[in-house]
1. For a quick check: with amide H placed at 1.01 Å from N, whose amide H comes under 5 Å from ILE23's, ignoring anything fewer than 5 positions away on the same chain?
2. Quick one: which residues, 5+ away or cross-chain, put their amide H under 5 Å from the amide H of ASP30? H built at 1.01 Å from N.
3. Can you sort HIS116, HIS90 from fewest to most other Cβ atoms within 10 Å of each residue's own Cβ?
4. Exposure proxy check: VAL20, VAL26 ranked by fewest other beta carbons within 10 Å?
5. What relative contact order, as a whole-number percentage, does segment 1-76 give when Cα pairs under 8 Å and 6 or more residues apart are counted?
6. Would you grab the residues whose amide H sits under 5 Å from the one on THR54? Only those 5+ places off in sequence or on another chain, please, with H modelled 1.01 Å from N.
7. Report the extension gain between ASN16 and GLU32 in nm, rounded to one decimal, defined as 0.36 nm multiplied by the number of residues separating them, less their alpha carbon distance.
8. Can you compute 3J(HN,Hα) from phi for each residue in segment 28-37, using the Karplus curve 6.51 cos²θ - 1.76 cosθ + 1.60 with θ = phi - 60°, rounded to whole Hz and x for Gly and Pro?
Amino acid sequence: MANVERLREALYPLLNEVEVVGIDEVQFFDAEILPLAVELIALGKRVIVAGLDTTFAAEPFGPVPDLMAIADTVTKLSAVCMVCGAAAIHTQRLGQSQELVMVGATGMYEARCRAHFRPFLDEHASEQLELGGELSGSTRGAAAGGSRAG
Ligand SMILES: [Zn+2]
């Protein structure tokens with residue numbers, strides 16, 4: 001979870017110069033982001049936040065549900081399902097970890113529609129998905145580098 005106090009310390013010296021505060025990946029902030037947003041709005045700032053509303057387990061993600069509740073407007077976007085191309089509202093994790101956040105885990109997540117979302121993959125399916133994705137790409141890269149060296 002990102003520390004809201006650090007954000008506040010970085011933001012407040014600049015406040016007189018800004019009208020709009022934008023925060024991306026807001027799901028990673030702790031619960032103190034909510035009172036900070038309320039405070040900024042009370043100071044006349046426009047606050048725009050973006051983030052995932054649900055985790056890989058399809059549960060509400062951090063402070064996002066509370067922020068949605070107090071927002072003037074909420075725009076809920078969807079991605080494209082990587083299996084069928086339909087509107088995707090879920091984040092499919094392609095691995096076994098049950099940690100809430102895997103930082104820098106490019107290739108470990110896929111957008112999925114409700115029909116193709118599997119919140120808890122069995123071990124076998126997970127191995128197949130990982131071999132078909134990022135892992136095989138990096139193996140090819142290493143092989144190419146090796147042949148150039150030889
Ligand atoms: Zn689908």
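Coordinate-derived values only; no laboratory data. Just so it is clear, the structure is predicted and the values come from calculations on it, not from any experiment. Positions of Cβ are generated from backbone atoms using ideal geometry, with glycine treated the same way; all protein chains shown enter the neighbour counts.
1. The answer is ILE48, VAL49, ALA50.
2. Answer set, sorted by chain and number: ALA2, VAL4.
3. Working: HIS116 16, HIS90 24.
Least to most surrounded, the residues fall as HIS116, HIS90.
4. By the 10 Å Cβ count, ascending, the order reads VAL20, VAL26.
5. 32 percent
6. Amide H to amide H, under 5 Å and 5 or more residues apart or across chains, THR54 pairs with PHE61.
7. 3.6 nm
8. So the J values, rounded to whole Hz, are 7, 8, 6, 4, 5, 5, 5, x, 5, 4.
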